[in-house]
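Okay, structure first, notes after.
The values are calculated or read from the model by the stated rules, or taken from the named source; none is laboratory data. None of these values were measured; they are calculated from a predicted model. Note that each Cβ is placed from the backbone with ideal geometry, even for glycine, and that neighbours are counted across all protein chains shown. The protein model used for the area step is the full one, side chains on, heavy atoms only, and it has no ligands, DNA or RNA in it. Shrake-Rupley method; radii C 1.70, N 1.55, O 1.52, S 1.80 Å.
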Amino acid sequence: MNRLNKLFATKNNNLLSIYYTAGYPELDTTVDIALALEKAGADFLEIGFPYSDPVADGPTIQHSSQQALDNGMTLNLLFEQLKDLRKRVTIPILLMGYVNPIVQFGVERFCKKAAEAGIDGVIVPDLPMYEYETLYAGFFKDNNLSNIFLVTPQTSADRIRKIDELSNSFIYLLSSSSITGGNLDVSDSIEDYYKRIKAMQLKNPTIIGFGIADNATFKKACEYANGAIVGSKFVKLLEQENYLNKIPAFISSIKPSL
Amino acid sequence: MKYGVNDQGYYGDFGGAYVPEMLYPNVEELRQKYLSIINDADFKAEFDLLLKDYVGRPSPLYYAKRYSEKYGANIFLKREDLNHTGSHKINNAIGQILLAQRLGKKRIIAETGAGQHGVATATVCALKGIECVVYMGEVDMARQAPNVSRMKMLGAKVVPARSGSKTLKDATNEALRDWIANPVDTHYIIGSVVGPYPYPDMVARFQSIISLEAKKQLLEHTGKELPEYVMACVGGGSNAMGMFYHFLDDESVKLIAVEAAGKGVNSGHSAATTFLGREGVLHGSRTILMQTDDGQVVEPYSISAGLDYPGIGPQHAHLYKINRAQYASVTDDEALQAGLLCCQLEGIIPAIESAHALAQLEKMKFKKDDNVIICLSGRGDKDLDTYIKYFGF
């Protein structure tokens, strides 16, 4: 059991996860932002490590990634920053990024370093299922890391079953086939897609991401899934001055406290 | 084929389909259908007819007499520059548009660097009356302006890629993003032997017409089917793969791939991927790419926009690693000088890409009776500005 499994065991609705890019807008505030998000009421976090060619991301996260790289962010530096993470932050944390930086770092070494820092899971959109299963799954298991798979409206039922089998914390449902930073698709066909997934009674919880930007879209997502992820909208907040102080208001605008 | 792709899309350690889930259904559909479509008799008949009547194939295998005297071997040029639209790129574009039609796709997207693949794609879309969107780096649009106009005349929409370094790799990223957002009705015509499986294999098959013809033509010229050397330039590597394809299993044939060294391999302004790169993942396949220690993709440089790519196709990475092909590199200066020499000795203005392959002739040690085939992948009309500025004509 990692922190993600414990979270889902105790709470299974209205979970809010926040994504942000490490090293953006400033190089050294990675853990400060995590702490502020925990205090403000986020249930878990995804910390992105930047890549020069993020094909699944829209302009907002392309920009944060490039700025983070310009600031000097690297995987080595990120793990250095995360050394004392668990002295300050208790909610589950995932790392999210593209496969090439991990391959260069060494996949096994990456998993070990992540576990040492108290990371609970990893999301690598361009790591295929076949390569994960045949080459890397052992490293993830040995380090108690959950690998998170994505599902889109075009993913076949057979493949969703296979993803459910390989997953051990949650499944990331994309609200549409799109890059990050778009609007939430609220068409009938999307409702059908959520209903179809719900009817499959998967063993893993589902979290919806892409297009979640305010309370209305968050609530909509939580009707069909166990929670939702906010990314681009939060990264935009970080462009503002005094962003750390604005985090509590941001979180309550998405998920007002009961 | 000994050096072909396996069931999982790999050439030895290289290849695969490293795509986000959003692209999985598109790539999977292609993987399941591409072989049955391109092996279908009806497809083959239409492909062959268009290559003959529309492209003008077979392209000649020209015995270059004055080159042969200069270099002391029998030098043959495979004249892909004489194809409709001016380069080998049209072979793949024709194949993929016929495939897209049979997949029921209504919209085509493509990336382009120098603009040759963009022009070829715009051309086949006009031919078939299909909507066409070409992504091109903003920097490349400026340095290849005539090709931008050509694409527009052919009815394509040219979208500037403004992310990253605003060149070919960013145009490729933007095309992939478009495909993610339009997964059902759109086919992505990748222009080189790069990208997720099955693209490297599919594009190589469409380009393999180059070596299929060359083998027959060499036999007519010399009475021999196999040359001693086959040479071609490599950016992503599509003309080289087409030129090598039917010689791969003939181990006596030495295959020479020529990369762009830019201002020198170690100058910091180079695109010599096998010299400067390491194994990793780029644009959906495991291959060799130029990158930092931290795995960030490095922006390459070459005076030739068609060779200005930070990776090579996965099959090239494999041929390099197992030493089936030799990878050399040629600087901007060497290529431009070789381009001028080709004008003066043979009366052919080559594309600067192809001039890289010609420049390698200076570095070879041939025996007197060696037969050497070089792929003259494109014509130099698009490069006149660069030649004129360099030589001051």
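Tabulated values for the structure
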| read-out | value |
| --- | --- |
| Among the residues listed as B:K105, B:K78, the single one being farther than 21 Å from B:N239 by Cβ and basic (K, R) | B:K105 |
| Of the criteria (1) open to solvent by less than 20 Å² (accessible area, probe 1.4 Å); (2) out of contact with any Gly (no Cβ under 9 Å at 6 or more places or on another chain); (3) within 12 Å of chain A (Cβ to nearest Cβ), which one B:V184 fails | (1) |
| Any hit, the stretch A:200-207, residues being touching a strand residue (DSSP E or B) at 6+ places or on another chain (Cβ under 6 Å), farther than 29 Å from B:Q8 by Cα and of a type in the set (A, V, I, L, M, F, W, C) | yes |
| The stretch A:98-127, subset of a type in the set (D, E) and more than 9 Å from chain B (Cβ to nearest Cβ), residue least open to solvent (accessible area, probe 1.4 Å) | A:D120 |
| Of all residues making up the stretch B:97-136, the number that are outside any loop (DSSP other than H, G, I, E, B) and either of a type in the set (F, W, Y) or closer than 19 Å to B:I180 by Cα (or both) | 13 |
| Residues that are farther than 18 Å from A:V103 by Cβ and either surrounded by fewer than 24 Cβ atoms within 10 Å (Cβ to Cβ) or away from chain A (no Cβ under 14 Å) (or both), drawn from the stretch B:297-306 | B:E299, B:Y301, B:S302, B:I303, B:S304, B:A305, B:G306 |
| Search result, residues across the stretch A:150-174 that are of a type in the set (F, W, Y) and away from chain B (no Cβ under 11 Å) | A:F170 |
| Filter result for B:L384 (on the phi < 0 side of the Ramachandran plot, open to solvent by 40 Å² or more (accessible area, probe 1.4 Å), at pLDDT below 95 and among the aliphatic types (A, V, I, L, M)) | yes |
| Any helices (runs of 4 or more DSSP H) falling wholly within the stretch B:4-93 and containing at least 1 residues that are surrounded by 14 or more Cβ atoms within 10 Å (Cβ to Cβ), in contact (Cβ under 8 Å) with a residue 60 or more places away in the chain and within 14 Å of chain A (Cβ to nearest Cβ) | B:24-38 |
| Failed criterion for B:R177 (all others in (1) without any contact (Cβ under 8 Å) to a residue 12 or more places away in the chain; (2) part of a loop (DSSP other than H, G, I, E, B) hold) | (2) |
| Residue ID - farthest from B:K166 (Cα to Cα), chosen from residues in the stretch A:27-48 that are open to solvent by 10 Å² or more (accessible area, probe 1.4 Å) and either within 14 Å of chain B (Cβ to nearest Cβ) or not in a helix (DSSP H, G or I) (or both) | A:G41 |
| Members of the stretch A:72-120 found to be outside any helix (DSSP H, G or I) and aromatic (F, W, Y), listed by number | A:Y98 |
| From A:L69, A:L94, A:L75, A:L85, residue being open to solvent by less than 40 Å² (accessible area, probe 1.4 Å) and under 16 Å from the mean Cα position of the chain (by Cα) | A:L94 |
| Unmet criterion (only one of (1) touching a Leu at 6+ places or on another chain (Cβ under 8 Å); (2) within 11 Å of chain A (Cβ to nearest Cβ); (3) assigned to a helix (DSSP H, G or I); (4) at pLDDT 95 or above) for B:P196 | (3) |
| Residue within the stretch B:209-223 that is more than 14 Å from chain A (Cβ to nearest Cβ) and in contact with a Ser or Thr (Cβ under 6 Å, 6 or more places away or on another chain) present | no |
| Options B:L340, B:L361, B:L376, B:L319; residue that is farther than 19 Å from B:L168 by Cβ, touching a Ser or Thr at 6+ places or on another chain (Cβ under 8 Å) and not hydroxyl-bearing (S, T, Y) | B:L376 |
| Hits in the stretch B:321-334 (condition: out of contact with any Gly (no Cβ under 7 Å at 6 or more places or on another chain), outside any helix (DSSP H, G or I) and touching a residue at least 24 places away in the same chain (Cβ under 8 Å)) | B:R324, B:A325, B:Q326, B:Y327, B:A328, B:S329, B:V330 |
| Given (1) within 11 Å of chain A (Cβ to nearest Cβ); (2) within 24 Å of B:S377 (Cα to Cα); (3) open to solvent by 10 Å² or more (accessible area, probe 1.4 Å); (4) free of Cβ contacts under 8 Å to residues at least 24 places away in the same chain, index of the condition B:Q337 fails | (1) |
| Residues (β-branched (V, I, T) and within 21 Å of B:A357 (Cα to Cα)) located in the stretch B:75-111 | B:I75, B:T85, B:I90 |
| Answer from A:F210, A:F170, A:F234 - the residue that is surrounded by 22 or more Cβ atoms within 10 Å (Cβ to Cβ), hydrophobic (A, V, I, L, M, F, W, C) and at positive phi | A:F210 |
| Within the stretch A:143-165, considering residues that are in contact (Cβ under 8 Å) with a residue 24 or more places away in the chain and within 14 Å of the chain's Cα centre (by Cα), the one surrounded by the fewest Cβ atoms within 10 Å (Cβ to Cβ) | A:L150 |
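Residue-by-condition table, conditions (1) touching a residue at least 40 places away in the same chain (Cβ under 8 Å); (2) at the interface with chain A (Cβ under 9 Å from one of its Cβ atoms); (3) among the charged types (D, E, K, R); (4) buried (at least 22 other Cβ atoms within 10 Å of the Cβ):
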| site | (1), (2), (3), (4) |
| --- | --- |
| B:N266 | no, no, no, no |
| B:A271 | no, no, no, yes |
| B:V281 | yes, yes, no, yes |
| B:G284 | yes, yes, no, yes |
| B:L289 | no, yes, no, yes |
| B:G295 | no, yes, no, yes |
| B:D308 | yes, no, yes, yes |
| B:Q315 | yes, no, no, yes |
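Yes/no matrix, rows are residues, columns are (1) of a type in the set (A, V, I, L, M); (2) within 20 Å of A:N12 (Cβ to Cβ); (3) part of a loop (DSSP other than H, G, I, E, B); (4) away from chain B (no Cβ under 14 Å):
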| residue | (1), (2), (3), (4) |
| --- | --- |
| A:G138 | no, no, no, yes |
| A:S176 | no, no, yes, no |
| A:I179 | yes, no, yes, no |
| A:D185 | no, no, yes, no |
| A:Y194 | no, yes, no, yes |
| A:K203 | no, yes, yes, yes |
